[in-house]
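The values are calculated or read from the model by the stated rules, or taken from the named source; none is laboratory data. Note that this is a predicted model, so its numbers are computed, not measured. Please note: Cβ atoms are built from the backbone with ideal geometry, for glycine as well, and neighbour counts cover all protein chains shown.
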Amino acid sequence: MDVRPSPEQRALRDAAAQVVDRIGPTAVAQIGEPERAAKLHAAVTDSGWRELRVATEGGGPLASGVEVAIVAEELGRGAADVSFLGPTLAAELRRLAGVSPSSSVETVALDVRLSSIVRGVDGEWPSAVAIDTQGSTRALVLARDGEGSRVAQVELRGAPSGLDLTRPSEILDPCAPVSLVEGADRALTRDDLTRWTALGLSVSCADLVGTMRGAVELARTYAGQRRQYGAAIGSFQAVQHMLADAFVAMEGSRSVTLHAAWAVDALPAGEALAAAAVAKAYCGRAARSVCETAIQVHGGIGNTWECLAHVYLRRALLSADLLGDPRASLARVLAHHGIGAADGLR
Amino acid sequence: MDFGDSPEEAEFRLRLRRWLVDNNPGLPASSTDDDYWAGMAAWHRSLYDAGFFGLAWPTQIGGHGLSSVFEVIVDEELAAAGAPPRPSLGYLVQGLLEHGGEEIRRRFLPGIVNGRDRWCQGFSEPDAGSDLASLRTRADRDGEDYVISGQKIWTSYSDEAEFCLLLARTDPGVAKHRGISAFAVPMRQAGIEQRPLRMINGVTKEFGEVHFDGARVPAANMIGEPGEGWALAMTVVSHEREPGELGYVARYAKMVNELCRRVRDDPGAYGPEQVSELGWAMVEVEMLRLHVRRRLSDRLGGISHGPEGSVDKLLMTWVEQAVGHAALAVGGIAHAGGDETWLNAYLYSRAQSVMGGTSQIQRNLVARRILGLPVS
């Protein structure tokens, strides 16, 4: 047992931090600004971070859930307007299904509550939303028939929307044709989908940890600069205690998240999902509160569009709901201990 | 990054698990019972004799010189077996290791580690709580001894203790932080009077006042140099704030496991709000278990005595108080008399945001020493 990052993992973190600090948005007006966003997209493409879950010859992923979490945390910290989570989950889906990797950027589509990957049964498709669509031309979904669930794809229209200004979503065209992905002959097992969900929850948690770090740093900096009553507001205990609580909540979140990210590959699928559910319940609850604190510390400025605090809050609200909001995650935790609905742990 | 056991760790875990099958003393679920504390001294010696205590401490003092992560394995296995937590002595040991000279370490540490000598901690005073440095208990030199006069309060298990780690003012003429020294004071002597205090959950063994009136301590029992008491106190309290040092994960997990069992045994008796309180307590306890793994892993690169302990203390407090709320929700209140175990567990949890430095003091430390916010 040694929960410290390895030298390689530290190097990965530093590399991701550098990209975010160099090319990420530093003001609300810069978000989605085409030239800079294209540069950030290219930098992430060049780094190969979206391919961390692509299969190696043995079928396992190129990198573990921990490496994915390390990148996700840095992107969250910088409120990076670049896709990562969606394409990573798409790559994982292809890997688990034994399908060759995509040559272009693609993402995944979830049900409209974002609680699980969207599944069409015998050609009947519920409403669905593709997440984290920046740079993607299609989304992966599951097509279910008598043989089981197989990986299918839907073209995107290129009409992004959604609450998160840094990671657009897109409502799928209900008439868009769905086709099986080439080579998707094998149905995914229950364990495959459980592990896929565990990865999705862990990456969302890592993004939440990063979002909390970014929000705390933003508010800490402001509290050191803004003066009232002749002193920096950060010198007042009322402000200090809010920020201390936010920092502590972020640290607790990081501890559960690192474990969940490790568990994705190291534990049996059911245990990996239980670890992810603990992390998601904790981080989802913490992140909303931490981002609300960041807005409060900014006072009136925090309630204006130009302040980055709401960008973090919006990002947190999306991540908190992905594949299981805190309430659903709590139900999964309880079910894992034999309490509540028998189907709580899926 | 690896949360899994190495072969050596797995072997140790299995050995401990097997030992616990026959050696779990089966003390009450919560620590809010005088019988519980009465059994702890025997439990300490039993753990020590079997080679499961003081794992990360040096072999010279009775430890095992193992890596720090073995401690969390102990916590996890004690919790899984429903056994009592390991004795919370780490902060005392760290304080003496860091500040005591060769002689002090040789004389006192083996007895602390093997459970022969019980210690209490004489820090807080009626007028020196959060502002500990304003303490007024005096230690005046008299030949080869110091003579102690003053009053300590919130002193846990003082009536059971052979020694008190006492902070006293040895130099009233310098700035308040600089005039304090630390001593190992023998407790069984004239000139020391104990007055137990009853806590809000009815426990009488834990809390007390200690009055010193002419008690004597040999000058050779000073820990560190004259005036080093404040530095020692800061080392001690920084570790007193770490759940990895206290072994509390086992205590919380034991309570949550028992509450879980109650709900599983009679699921129809509990509504969604009660179950939800239990769920959050489970999440919080699991967070702390994993956080302790992380913090004890950090020690693999060398131990530090920094402000991170305040982060741990706040997390631990949130956990204990979430467990307290689950105890209240699921364990319930016996309005017509009867079993008050869970009510008492809840009441006891309120102390966690005060003992070892209030949550407000911890927030000050996090804000100033970690976040770098200015002092007003």
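Of note:
- Taken across the range B:215-227, residues that are free of Cβ contacts under 8 Å to residues at least 40 places away in the same chain and of a type in the set (Gly, Ala, Ser) do not occur at all.
- Scope the range A:212-233; condition facing chain B (nearest Cβ under 7 Å) and closer than 22 Å to B:Gly309 by Cβ; matching residues: A:Arg220
- Any hit, the range B:283-296, residues being out of contact with any Asp or Glu (no Cβ under 8 Å at 6 or more places or on another chain), of a type outside the set (Phe, Trp, Tyr), under 24 Å from A:Tyr282 (Cα atoms) and surrounded by fewer than 18 Cβ atoms within 10 Å (Cβ to Cβ): no
- Residue identified as surrounded by fewer than 19 Cβ atoms within 10 Å (Cβ to Cβ), within 8 Å of chain A (Cβ to nearest Cβ) and within 30 Å of B:Glu125 (Cβ to Cβ) among B:Ser376, B:Ser304, B:Ser276: B:Ser376
- All positions within the range A:170-180 that are in a strand (DSSP E or B) and either farther than 23 Å from A:Val121 by Cβ or over 20 Å from the mean Cα position of the chain (by Cα) (or both): A:Val178, A:Ser179, A:Leu180
- Applying the condition of being among the aromatic types (Phe, Trp, Tyr) and in a helix (DSSP H, G or I) to the range B:2-28 and asking which residue is nearest to B:Ala38 (Cα to Cα) yields B:Trp19.
- Residue in the range A:205-222 that is within 30 Å of A:Ser116 (Cα to Cα) and charged (D, E, K, R) present: yes
- Any hit, the range B:227-244, residues being surrounded by fewer than 23 Cβ atoms within 10 Å (Cβ to Cβ), assigned to a loop (DSSP other than H, G, I, E, B) and of a type outside the set (A, V, I, L, M): yes
- Residue check, B:Arg350 farther than 22 Å from A:Arg327 by Cβ, more than 9 Å from chain A (Cβ to nearest Cβ) and either assigned to a helix (DSSP H, G or I) or of a type in the set (Lys, Arg) (or both): yes
- Any hit, the range A:207-218, residues being more than 21 Å from A:Ala275 (Cβ to Cβ) and either at pLDDT below 95 or surrounded by fewer than 20 Cβ atoms within 10 Å (Cβ to Cβ) (or both): yes
- Checked against (1) surrounded by 20 or more Cβ atoms within 10 Å (Cβ to Cβ); (2) within 12 Å of chain A (Cβ to nearest Cβ), B:Gly331 passes all but condition (2).
- Residue in the range A:253-264 that is β-branched (Val, Ile, Thr) and without any contact (Cβ under 8 Å) to a residue 12 or more places away in the chain present: no
- Selection status of A:Arg186, in a strand (DSSP E or B) and surrounded by 14 or more Cβ atoms within 10 Å (Cβ to Cβ): no
- Qualifying residues in the range B:353-367 (those that are more than 9 Å from chain A (Cβ to nearest Cβ) and among the hydrophobic types (A, V, I, L, M, F, W, C)) - the one farthest from A:Gln237 (Cα to Cα): B:Met355
- Looking across the range B:280-301, the residues that are within 15 Å of A:His259 (Cβ to Cβ), at the interface with chain A (Cβ under 7 Å from one of its Cβ atoms) and touching a residue at least 60 places away in the same chain (Cβ under 8 Å) come down to B:Leu290, B:Arg293, B:Ser297.
- In the set (1) at the interface with chain B (Cβ under 10 Å from one of its Cβ atoms); (2) touching a residue at least 60 places away in the same chain (Cβ under 8 Å); (3) under 17 Å from the mean Cα position of the chain (by Cα), A:Ala274 fails one condition alone, (3).
- All conditions in (1) under 30 Å from B:Leu66 (Cβ atoms); (2) away from chain B (no Cβ under 14 Å) hold for A:Glu8, with the sole exception of (2).
- Selected residue [exposed (fewer than 15 other Cβ atoms within 10 Å of the Cβ), of a type outside the set (Asp, Glu) and either assigned by TED's automatic domain parsing to the domain that holds B:Tyr346 or touching a residue at least 24 places away in the same chain (Cβ under 8 Å) (or both)] from B:Arg195, B:Arg188: B:Arg188
- For A:Asp207, the requirement of being more than 25 Å from B:Gly244 (Cβ to Cβ), under 16 Å from the mean Cα position of the chain (by Cα) and more than 10 Å from chain B (Cβ to nearest Cβ) is met.
- Whichever residue in the range B:20-71 is at pLDDT 90 or above and among the β-branched types (Val, Ile, Thr) and, among such residues, is surrounded by the most Cβ atoms within 10 Å (Cβ to Cβ): B:Val69
- Within the range A:82-107, the residues that satisfy the criterion of being touching a Gly at 6+ places or on another chain (Cβ under 6 Å) and buried (at least 24 other Cβ atoms within 10 Å of the Cβ) are A:Ser83, A:Leu89, A:Thr107.
- When residues in the range A:32-51 are screened for being surrounded by fewer than 18 Cβ atoms within 10 Å (Cβ to Cβ), farther than 16 Å from A:Thr88 by Cβ and touching a residue at least 40 places away in the same chain (Cβ under 8 Å), 1 of them pass.
- A:Arg4 without any contact (Cβ under 8 Å) to a residue 24 or more places away in the chain, more than 17 Å from A:Asp207 (Cβ to Cβ) and not in a helix (DSSP H, G or I): yes
- Selection from the range A:63-97 of residues that are among the hydrophobic types (A, V, I, L, M, F, W, C) and not in a helix (DSSP H, G or I): A:Ala63, A:Ala79, A:Ala80, A:Val82, A:Phe84
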